[in-house]
Amino acid sequence: MSAAPALVIVSGLSGSGKSVALKTFEDLGYYCVDNLPAELLPEFVRRLLAGDNPPDRIAVGIDARSLGDLGEVPDVLSQVGAQGLDPRLLFFDTRDEVLLRRYADTRRRHPLSHLGLVLPDAISLERQALRPVRQIADTVLDTSDLNVHQMRRRVLTEFGLSGVGLSLLFESFAYKRGVPPEADFVFDARVLPNPHWDARLRPLSGRDAEVREHLDGDADVVAYVAQVEGFLDTWLPKLRSETRSYATVAFGCTGGRHRSVYLAERFARHFREGGWPEVAVHHRELD
């Protein structure tokens with residue numbers, strides 16, 4: 001009998017980072033759905049698992065935009081548990097003054113603004129509505145002092161893991177903005193030819209096929225990849241014996257757009273194809 005799929009419920013205040021979290025779970029291979037009414041969760045899970053190819057990891061966003069009474073969430077999670085799943089609830093919180101600043105910076109409308117409330121009152125009402133959800137959360141993450149990149153990394157390295165062993169995060173970055181302090185291994189891609197100087201490739205990124213083909217055809221890139229691949233193939237498995245859950249491998253170049261992105265994507269693909277169960281990618285200057 002196959003193991004029950006992992007189910008993560010993502011909730012919290014609007015503007016606290018829930019959309020960043022769901023996008024990150026999606027990158028980790030989760031089947032993601034946002035803004036699902038809480039009372040529909042048991043039926044949604046039942047139908048999903050009854051399909052021909054049910055996902056083994058699911059992430060669902062439930063928050064104040066959802067219809068119905070959020071006070072029913074504890075009972076809803078009990079119903080899901082009766083289906084053989086063990087849902088994990090992550091709640092994203094942020095101080096009011098930070099939320100006010102974020103809304104001012106982005107000029108976004110609060111989801112409850114349609115009620116005719118001013119922003120502070122909308123935030124207060126949302127916090128009150130979400131209180132039953134926060135009280136039963138397995139993890140509460142306060143994102144008040146985190147930027148988007150730090151939020152994403154926290155999910156990747158701490159909350160997106162499924163307990164299957166060492167997880168790998170391949171990250172690209174620009175040296176002009178500093179080396180990621182959390183990186184376990186850092187490789188400098190500035191020695192490689194820069195697609196930035198090709199007018200046709202400049203507006204693209206290392207995710208695009210044209211850039212990949214350009215770099216794949218360069219002898220220095222081929223040699224670089226082979227040598228780094230040999231190093232990582234040898235030493236990353238050694239980390240599995242340590243009491244750690246993840247490792248971060250960072251590739252840096254001048255702008256963090258072409259070479260470093262290309263390498264992070266290439267090595268993530270290499271390790272996925274090699275059977276590593278948990279591999280994620282983060283492009284600091286693009287995401």
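The values are calculated or read from the model by the stated rules, or taken from the named source; none is laboratory data. Since the structure is predicted, the reported quantities are computational estimates derived from the model, not experimental observations. As a convention, Cβ positions derive from the backbone with ideal geometry for all residues, glycine included, and neighbour counts pool all protein chains shown. In case anyone asks, the SASA skips ligands and DNA or RNA and just uses the protein heavy atoms, side chains included. Shrake-Rupley method; radii C 1.70, N 1.55, O 1.52, S 1.80 Å.
One table, with the values for the structure above:
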read-out	value
Hits in region 115-126 (condition: of a type in the set (Gly, Ala, Ser) and surrounded by fewer than 16 Cβ atoms within 10 Å (Cβ to Cβ))	116, 124
Residue pairs meeting the criteria (Cβ under 7 Å; at least 6 apart or on separate chains; first at positive phi, in region 17-41; second aromatic (Phe, Trp, Tyr))	17/92
Number of the exception - residue 224 against (1) aromatic (Phe, Trp, Tyr); (2) closer than 23 Å to residue 152 by Cα; (3) modelled with pLDDT of 95 or more	(2)
Selected residue (only one of 201, 232 is aliphatic (A, V, I, L, M), farther than 30 Å from residue 19 by Cβ and assigned to a loop (DSSP other than H, G, I, E, B))	201
Out of 140, 186, sole residue that is assigned to a strand (DSSP E or B), closer than 16 Å to residue 268 by Cα and open to solvent by 40 Å² or more (accessible area, probe 1.4 Å)	186
Residue within region 64-78 that is under 28 Å from residue 278 (Cα atoms) and touching a Phe, Trp or Tyr at 6+ places or on another chain (Cβ under 7 Å) present	no
Among the candidates 264, 247, residue that is closer than 20 Å to residue 283 by Cβ, open to solvent by less than 70 Å² (accessible area, probe 1.4 Å) and part of a helix (DSSP H, G or I)	264
Test: residue in region 204-215 that is open to solvent by 70 Å² or more (accessible area, probe 1.4 Å) and within 16 Å of residue 284 (Cα to Cα)	yes
Pairs where the first residue, in region 236-248, is over 20 Å from residue 181 (Cα atoms) and modelled with pLDDT of 75 or more and the second is of a type in the set (D, E, K, R) and exposed (fewer than 11 other Cβ atoms within 10 Å of the Cβ), C-beta under 6 Å, 6+ apart	none
Some residue of region 67-80 being polar (S, T, N, Q), out of contact with any Gly (no Cβ under 8 Å at 6 or more places or on another chain) and farther than 17 Å from residue 156 by Cα	yes
Unmet criterion (only one of (1) at pLDDT below 95; (2) open to solvent by 70 Å² or more (accessible area, probe 1.4 Å)) for residue 254	(1)
Single condition residue 286 does not satisfy, out of (1) under 26 Å from residue 181 (Cβ atoms); (2) part of a helix (DSSP H, G or I)	(2)
Residue 168, sole failed condition from (1) at pLDDT below 95; (2) farther than 19 Å from residue 272 by Cβ; (3) not polar (S, T, N, Q)	(2)
Answer from 155, 133, 140 - the residue that is in contact (Cβ under 8 Å) with a residue 12 or more places away in the chain, β-branched (Val, Ile, Thr) and farther than 19 Å from residue 23 by Cα	133
One residue from 29, 12 being under 24 Å from the mean Cα position of the chain (by Cα) and within 22 Å of residue 146 (Cα to Cα)	12
Residues (within 30 Å of residue 57 (Cβ to Cβ) and out of contact with any Gly (no Cβ under 7 Å at 6 or more places or on another chain)) located in region 99-126	106, 108, 111, 126
Residue in region 227-234 that is open to solvent by less than 20 Å² (accessible area, probe 1.4 Å) and either touching a residue at least 24 places away in the same chain (Cβ under 8 Å) or among the polar types (S, T, N, Q) (or both) present	yes
